[in-house]
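The block underneath contains the structure these notes are about, expressed in structure tokens.
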There are 2 protein chains.
Amino acid sequence: MPRKAKSNQDKVRYAVIGLGHIAQVAVLPAFAHAENSTLSALVSDDPEKLEKLGRKYRVKARYSYAEYEDCLGSGLVDAVYIALPNHLHREYTERAARAGVHVLCEKPLAVTEEDCLSMIRVAEENQVKLMVAYRLHFEEANLKAIDLVQGGRLGDPRLFDSVFTMTVKKGDIRLNPREQGGGPLYDIGIYCINAVRNLYGAEPMEVVAFSANNGDPRFLQCEETTSAILRFPGRERLAVFSCSFGAADVSSYRVVGTKGDLVMEPAYEYAEGLKQRVTVDGRTRERTFPKRDQFAPELISFSDCILTGNAPEPSGWEGLADVRVIRALYRSADSGQPVTLEPFSREDRPSLEQELRRPPVRKPELVNTEAPSE
Amino acid sequence: MPRKAKSNQDKVRYAVIGLGHIAQVAVLPAFAHAENSTLSALVSDDPEKLEKLGRKYRVKARYSYAEYEDCLGSGLVDAVYIALPNHLHREYTERAARAGVHVLCEKPLAVTEEDCLSMIRVAEENQVKLMVAYRLHFEEANLKAIDLVQGGRLGDPRLFDSVFTMTVKKGDIRLNPREQGGGPLYDIGIYCINAVRNLYGAEPMEVVAFSANNGDPRFLQCEETTSAILRFPGRERLAVFSCSFGAADVSSYRVVGTKGDLVMEPAYEYAEGLKQRVTVDGRTRERTFPKRDQFAPELISFSDCILTGNAPEPSGWEGLADVRVIRALYRSADSGQPVTLEPFSREDRPSLEQELRRPPVRKPELVNTEAPSE
């Protein structure tokens, strides 16, 4: 039943699932610059969006969410780009995979580690490719920063410090409850986590977080701000970051090494060029990277993997690695305790799956209360 | 016996105690610009320094540490500027106070809260003035930042983020054990703590810290790096900072409010001008403050208090407030647990003194080991 993309096709045909902000401003326009990719179908529950965007991008195949299976089975699509609310990523990924359709999924990959692992497993079982849409993995400024840090230009990297804040207005789905993947950690904190994991080329071993709330009704279901410290192994590198939906726009990271430091500001944007400032031995060099489409290179890379059979990167495991840290930070913020993370690599899969089968840790403040009723 | 400064004097006569780096590059030269202050005596155990600096600044009254009482009783000095290693601040402050000599003491005021409280008490009992040499309290760029934040220019301040790092070489007294006030928290982290306390105009209620060590032999007696998160009361403001003796020079803080953000970089220097960048509603204004002597204004302010009878600011209580946070951060870094701080103000003195009389909390990892031998 699963229908594999044919390697004799020269373009991979995509359905974009979910037509919210990111789809409209970034994903749909990117197909014009992705020569090996073509936009073939749109999926949304909003008939107006389907009509308007269908006309704009000349896409005749339009489906509601109820018609998702029809879309997957239409023979018109080889891959889906999932731009749905975070808690729907797993379901729509696994349904696509079971229909033999490849999946390029927005970050965060999913809300829980269990969800991420299941998505990875279902994609493997159905022999479809799964990639997480980390656009900065295709952005020159960010890649140069990683090269520079890992190449030793700053000496031994000792510290990462990042701030990613913005004002999110009432009614935005990013203010959804945590169980639906709402809150600043899932939406923007993930950029800080992904940045430092890739800059250090390592996984954190211990984390601690404080969350805060300014009392605004916008933050009844999710936290306003989270600040975190992450400890990395080896020569004990530290990383701190803060993310907030209740403060003015800031998007910045800094890496300080034994010989110099690097500042990226803006660091995480796609609507403007990124700026890099490198100071080594007291000499500063600034470089502005022109604004570039960060979404077309994702499509090109994923389509190339589908056409050639190569493994996509960032893979589902990269998605899981960040979600694992986000969940540890929430456990820390809830419990008031630092959280130790087990060593992590895709080779650890059996122990990771075993770990996830353990019952969740109860919050410490509940430990000494009376036994819950049966 | 105590000899009070005469209010009919027009200049306060100082002995500078300790002739290390800060005394040589900053304190001694500042007297030339402090019209109500005069350098009258030098105290050091290094005869060469005494000779060389005595000649340079035309100071004939020169004393070893063993002759400190002679200096205090000489009738030549009204005040001391204490620029000694941190663990000697208390002893040299209290001896001066008991001799009726006023004290301007380098930061940190002392190594422990107990030391700070005792110094405050002894100064009061002997009716001498005690001030902590927080030079940035007299620096225009920093004062403008505080005005701007407290005046609401950034809206409601939500986040403070700061990095203060430098490379400290082997043999530097700042690498002393913590018990002697060594380590980056006492020396440079204190600037971050003092900055955010004054920018927010509040005291932290909960803190957490991770310390790290790169394994270099320089860091056998104190930590290399500490990163910290501080929670402030009210509308739950967060602050994060990192300080390190094992990384390249960075001196920066940022305050992000609901309407905009302010960056100071360099933020904590005295050897160069400070830069301020304020972005409100998307519009950025940069301002460079020319390098100014930050030490002469301290002398002028303290001398003015001595001459007029006014209370000096920053007072001993300001010094205690920072040391209290540093000690809580060390407790957190040692125990791996966040630490809650009691509400703090100088009116709380009886409860604070009571609190300090309690036996120190043992590290959690010791709790379940066998009882210590008698």
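The values are calculated or read from the model by the stated rules, or taken from the named source; none is laboratory data. Computed from a prediction, not measured in an experiment: that's the story for all the values here. So basically every Cβ, Gly included, is an ideal-geometry build from the backbone, and we count neighbours across all protein chains shown.
Checking each residue in the range A:109-124 for being surrounded by fewer than 23 Cβ atoms within 10 Å (Cβ to Cβ) and either free of Cβ contacts under 8 Å to residues at least 24 places away in the same chain or in a loop (DSSP other than H, G, I, E, B) (or both) picks out A:112, A:121, A:124. Looking at the range B:130-239, the strands (runs of 3 or more DSSP E) lying wholly inside it that each contain 3 or more residues that are over 30 Å from residue B:305 (Cβ atoms), hydrophobic (A, V, I, L, M, F, W, C) and in contact with a helix residue (DSSP H, G or I) (Cβ under 7 Å, 6 or more places away or on another chain) sit at B:206-212. Residues that are more than 13 Å from the chain's Cα centre (by Cα) and either closer than 28 Å to residue A:177 by Cβ or of a type in the set (A, V, I, L, M, F, W, C) (or both) within the range A:99-112 comprise A:99, A:101, A:103, listed in sequence order. Checked against (1) modelled with pLDDT under 95; (2) in contact with a Gly (Cβ under 9 Å, 6 or more places away or on another chain); (3) within 23 Å of residue A:243 (Cβ to Cβ), residue B:216 passes all but a single condition, namely (3).
Is it true that residue A:43 is closer than 24 Å to residue A:111 by Cβ, among the β-branched types (Val, Ile, Thr) and in contact with a Gly (Cβ under 8 Å, 6 or more places away or on another chain)? Here the answer is yes, as residue A:43 does meet what is asked. Residue check: residue A:168 meets all listed conditions (1) out of contact with any strand residue (DSSP E or B) (no Cβ under 7 Å at 6 or more places or on another chain); (2) more than 18 Å from residue A:250 (Cβ to Cβ); (3) among the aliphatic types (A, V, I, L, M) but one, namely (2). Scanning the range B:296-313 for residues that are crowded, with 23+ Cβ neighbours inside 10 Å and either over 21 Å from residue B:26 (Cα atoms) or not charged (D, E, K, R) (or both) returns B:299, B:302, B:303, B:306. Please tell me if residue A:106 is surrounded by fewer than 17 Cβ atoms within 10 Å (Cβ to Cβ) and not polar (S, T, N, Q). No, not satisfied. Taken over the range A:249-266, residues that are in a strand (DSSP E or B) and facing another protein chain (nearest Cβ under 7 Å) amount to 6. With respect to the conditions (1) buried (at least 20 other Cβ atoms within 10 Å of the Cβ); (2) of a type outside the set (Ser, Thr, Tyr); (3) touching a residue at least 40 places away in the same chain (Cβ under 8 Å), residue A:59 falls short on a single one, namely (3). Listed by first and then second residue, the pairs linking a residue in the range A:133-156 that is within 14 Å of chain B (Cβ to nearest Cβ) and within 14 Å of residue A:267 (Cβ to Cβ) to a residue that is assigned to a strand (DSSP E or B) and of a type in the set (A, V, I, L, M), with Cβ atoms under 6 Å apart and 6 or more places separating them unless they lie on different chains, are A:149/A:255. Answer with yes or no whether residue B:219 is within 14 Å of another protein chain (Cβ to nearest Cβ), buried (at least 24 other Cβ atoms within 10 Å of the Cβ) and of a type in the set (Phe, Trp, Tyr). In short, no. Just so you know, in the range A:306-362 the residues that are of a type in the set (Gly, Ala, Ser) and within 30 Å of residue B:335 (Cβ to Cβ) include one that is modelled with the lowest pLDDT, and it is A:351. Evaluated against (1) farther than 26 Å from residue B:164 by Cα; (2) within 9 Å of chain B (Cβ to nearest Cβ), residue A:183 falls short on exactly one condition, (2).
Is it the case that some residue within the range B:241-248 is touching a Pro at 6+ places or on another chain (Cβ under 7 Å), crowded, with 24+ Cβ neighbours inside 10 Å and at the interface with another protein chain (Cβ under 7 Å from one of its Cβ atoms)? Checked the range B:241-248: at least one residue is touching a Pro at 6+ places or on another chain (Cβ under 7 Å), crowded, with 24+ Cβ neighbours inside 10 Å and at the interface with another protein chain (Cβ under 7 Å from one of its Cβ atoms). Checked against (1) touching a residue at least 24 places away in the same chain (Cβ under 8 Å); (2) surrounded by fewer than 21 Cβ atoms within 10 Å (Cβ to Cβ), residue A:291 passes all but a single condition, namely (1). Within the range B:270-281, the set of residues being within 19 Å of residue B:25 (Cβ to Cβ) and crowded, with 19+ Cβ neighbours inside 10 Å comprises B:274 only. Considering A:292, A:277, A:287, the condition of being within 14 Å of chain B (Cβ to nearest Cβ), basic (Lys, Arg), outside any helix (DSSP H, G or I) and farther than 22 Å from residue A:232 by Cβ is satisfied by A:277 alone.
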